[in-house]
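Notes follow once the structure below has been shown.
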Amino acid sequence: MGLACWRGDLRGLSHTAKTDEQILDFWNTGIEAREDVMAAYDHVAVEISMGKPQLTCEERSTQWVPRGDIVKGSFLGVMAATLTTSS
């Protein structure tokens, strides 16, 4: 069952009118939907080539953010450790 179906069950229903078993079934359906989505997800890390900018400054937040999922760089001629921005 997809996440959209799970969310649709909640609209217009009062939690006080539900039994404990109905609430637990509702909760477990959401967990199962999340597990289905996670099992189907195949992450492919995006790596920006060395020599190209690894970070960019976001205008709205004025913070430096990675352009890809992996950040590589060197500091004062010493190769830095590779940082992965996703799990």
| field | Sequence of 37, 71 once ranked by neighbouring C-beta atoms within 10 Å, starting from the fewest | value | 37, 71
| What's the extension gain from residue 38 to residue 56 if we count 0.36 nm per residue and subtract their Cα-Cα distance? | 3.6 nm
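Laboratory data are not the source of any read-out in this text; all were calculated from the coordinates shown. Every value quoted in this text rests on a predicted model; they were computed, and no experiment measured them. FYI the Cβ positions are ideal-geometry reconstructions off the backbone, even for glycines, and counts take in every protein chain you see.
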